[in-house]
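Report on one structure; see the data block that follows.
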Amino acid sequence: MATTPTPGRRSSRRIPRPAHATALLAALAVTLTACGTGESGTGGSGDGPGGGASGDPVAGGTLRYAFANTIDCVDPRQRPQLTSRNVGRQLGDQLTEQDPETKEIKPWLATSWEISDDVSQFTFHLREDVTFSDGAPFDAEAVKANFDAIVDLGARAPQAGSFLAGYEGSTVLDTHTVRVDFDGPNAQFLQTTATASFVQLSPASLGNDPADLCLGDFAASGPFTLGSFTPEKSVELIKREDYAWASPIAANQGPAYVDRIVLEVVPEGGVRYGSVTSDQIDLADGIPFTNQAELANLPGYGLATGASPGIAIPYIPLASSPELQDPDVRRALSLGIDRQAIVDAIFQGTQQPATGVLTAATPGWTDQSAEIRHDPEAAIALLEGAGYDRVGADGIRENADGDRLSLTITYQSGSTDAEAQHQLVQQEWKEIGVELVLDPVATLPDVPIDEFPGDLTTWSQGRADVDVIRLVYGSSHPEMSMLYNHPDAELDALLDSLQSTVDPDERQAIGEAAQQRIIEQGYTIPVYDRFWSYGYGPSVGGFRADIEGKPLLNEVWIAS
């Protein structure tokens, strides 16, 4: 999902692995979707709708938390998956925070900052009262060491590395002031300092082997320390008693309320739901859409949901597909999809039909509903104009050479919801004369994108900034871009210019033009907007989440 900080051009890139929550093949991980009732990245508990504990927060106790997906690494710099970021958020802090309501970037470990006129230098002024869990002070040297270490991680830190493309280095101006320099404009950088990709680790930890860092062999500045970690199974977090510098969006600015958190991997959605309602666990993410309404109406229990920012969950035509070289054919596929029918039939209305390249919750979103409408007649006209003007006995279109318009999607098996979605799209596309062959496999091949089997894939990336489209649809990121090795010069120029200004109006205009280009060329077939969900029991109070849906576990308390 990223590139190295100073990328060298490669001849191919490998397609990302599937079935992770954000920044992931989210269309295949539909258990992480949620109701469309939330408008922001916060969810509530207490005496409001949805249940949970009421009254004043209570200190002490253990929070039992069930994860939907496995976790193999607790270093969020190395993993963009939501499970790693959820844990990393509790272990470390960031320079800034992004307000879920206003989308504003707020001070956190950095109290203020200045940006040079050419948007290539960022000067941060830091808090002076922060320490890492090993006792080391947080200061300008630590920030410099952290950014340098991400460069050293290279491809091991795909998303964090992509955020540092063009990084020239950091300069310590004084004990609590640091300047970060790039070789050109990098307007997106400030927002990235509000992501878990840039949690700050103690300098003494940064030289550890990356594999050991993944296992939690590091000290950080967050509200919890790592008690234990069994990859793919469980994580134990221990409260840090001297914590006093929480996120600006947190009500609790002191130590966490709970003493301990035990996170268990529970892949089956029905089991997670049943464990919450039977009080075997206190909190679970990825409540299945089939259970959400029931949980929300269950006395004493709570459901928190919110819209996820980033790329709307799409089908993406592979640039290597011989059948999908014509933009009109790609656009026809988009016009042939009934998004509302998918949301209603497959997800029972718990998600929202896509309205553009980005989800509606993403800063810089542009409403492109008119371009991605369901219009079979227009789809057929495009296909006929592209040369598929003959219909065979089986109802599938052919061109003058007798080539059938047959497409294959290779995807990871195991999700009945994803299977049902593909089957519905298969029916919808057959109505316009397109055959969709479903090719479920136990494990997706780890091959360069241009060698990936089939004609379509699904690939999303979560981030609360319009720049996310540059990472996925630009051509310069070997680990992220679906157009790597297939550059669109006009689109690349727009996305590059997005880096040159921090003016909101200018960025909006550039982002709109880029999103329009993506839809016009049929580089994506947006299907639905993703929502996160959490369910919790009557003893849980204070549940909230950040803009990406990562829980603020230092806010949570357990009623006695």
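Across segment 388-413, which residue is farthest from the chain's Cα centre (by Cα) among those that are closer than 30 Å to residue 270 by Cα and touching a residue at least 60 places away in the same chain (Cβ under 8 Å)? So the residue we want is 409.
Among the listed residues 281, 261, 238, 287, identify the single one that is closer than 14 Å to residue 67 by Cα, hydrophobic (A, V, I, L, M, F, W, C) and over 24 Å from the mean Cα position of the chain (by Cα). After ruling out the rest, the residue left standing is 281.
When residue 251 is tested against the conditions (1) assigned by TED's automatic domain parsing to the domain that holds residue 120; (2) under 20 Å from residue 129 (Cα atoms); (3) outside any helix (DSSP H, G or I), the lone failure is (1). Suppose the filter is surrounded by 17 or more Cβ atoms within 10 Å (Cβ to Cβ) and in the same structural domain as residue 514 (by TED's automatic domain parsing); does residue 463 pass it? Here the answer is yes, as residue 463 does meet what is asked. Take the residues in segment 453-503 that are outside any loop (DSSP other than H, G, I, E, B) and among the polar types (S, T, N, Q), then tell me which one is farthest from residue 327 (Cα to Cα). Filtering first and then ranking leaves 500. The helices (runs of 4 or more DSSP H) falling completely within segment 318-414 that include 2 or more residues that are touching a Pro at 6+ places or on another chain (Cβ under 8 Å) and under 28 Å from residue 452 (Cα atoms) map to 327-335, 339-345. The residue that is farthest from residue 379 (Cα to Cα), among those in segment 415-435 that are assigned to a loop (DSSP other than H, G, I, E, B) and out of contact with any Lys or Arg (no Cβ under 6 Å at 6 or more places or on another chain), is 415. For segment 267-293, the set of residues classified as in a loop (DSSP other than H, G, I, E, B) and buried (at least 22 other Cβ atoms within 10 Å of the Cβ) consists of 281, 282, 286, 287, 288, listed by residue number. Pull out all pairs, ordered by first then second residue, where Cβ-Cβ is under 6 Å, the residues are six or more apart or on different chains, the first lies in segment 284-303 and is farther than 19 Å from residue 539 by Cβ and assigned by TED's automatic domain parsing to the domain that holds residue 270, and the second is part of a loop (DSSP other than H, G, I, E, B) and modelled with pLDDT of 90 or more. Note: pairs meeting the criteria are 286/68. Condition (residue is closer than 24 Å to residue 483 by Cβ, out of contact with any helix residue (DSSP H, G or I) (no Cβ under 6 Å at 6 or more places or on another chain) and either among the acidic types (Asp, Glu) or exposed (fewer than 14 other Cβ atoms within 10 Å of the Cβ) (or both)) applied to segment 409-424: is it met by at least one residue? Scanning segment 409-424 turns up no residue that is closer than 24 Å to residue 483 by Cβ, out of contact with any helix residue (DSSP H, G or I) (no Cβ under 6 Å at 6 or more places or on another chain) and either among the acidic types (Asp, Glu) or exposed (fewer than 14 other Cβ atoms within 10 Å of the Cβ) (or both). On the basis of being crowded, with 21+ Cβ neighbours inside 10 Å and basic (Lys, Arg), does residue 156 make the cut? Criteria not met by residue 156. If I filter segment 85-99 for residues that are in the same structural domain as residue 188 (by TED's automatic domain parsing), farther than 22 Å from residue 256 by Cβ and outside any strand (DSSP E or B), do I get at least one hit? No - not one qualifying residue is present in segment 85-99. How about segment 305-317: which of its residues are farther than 21 Å from residue 425 by Cβ and in contact with a Pro (Cβ under 9 Å, 6 or more places away or on another chain)? Those that are farther than 21 Å from residue 425 by Cβ and in contact with a Pro (Cβ under 9 Å, 6 or more places away or on another chain): 306, 309. The number of residues in segment 535-552 that are in a strand (DSSP E or B) and either β-branched (Val, Ile, Thr) or within 21 Å of residue 464 (Cα to Cα) (or both) comes to 3. Flag: residue 375 matches the condition of being of a type in the set (Asp, Glu) and in contact (Cβ under 8 Å) with a residue 24 or more places away in the chain. Could you tell me whether segment 237-244 includes any residue that is surrounded by fewer than 18 Cβ atoms within 10 Å (Cβ to Cβ), assigned to a strand (DSSP E or B) and among the charged types (D, E, K, R)? No, segment 237-244 contains no residue that is surrounded by fewer than 18 Cβ atoms within 10 Å (Cβ to Cβ), assigned to a strand (DSSP E or B) and among the charged types (D, E, K, R).
The values are calculated or read from the model by the stated rules, or taken from the named source; none is laboratory data. Treat the numbers as computed from the prediction; the structure is a model and nothing was measured. Counting neighbours? That spans all protein chains shown, and the Cβs are built from the backbone with ideal geometry, glycine included.
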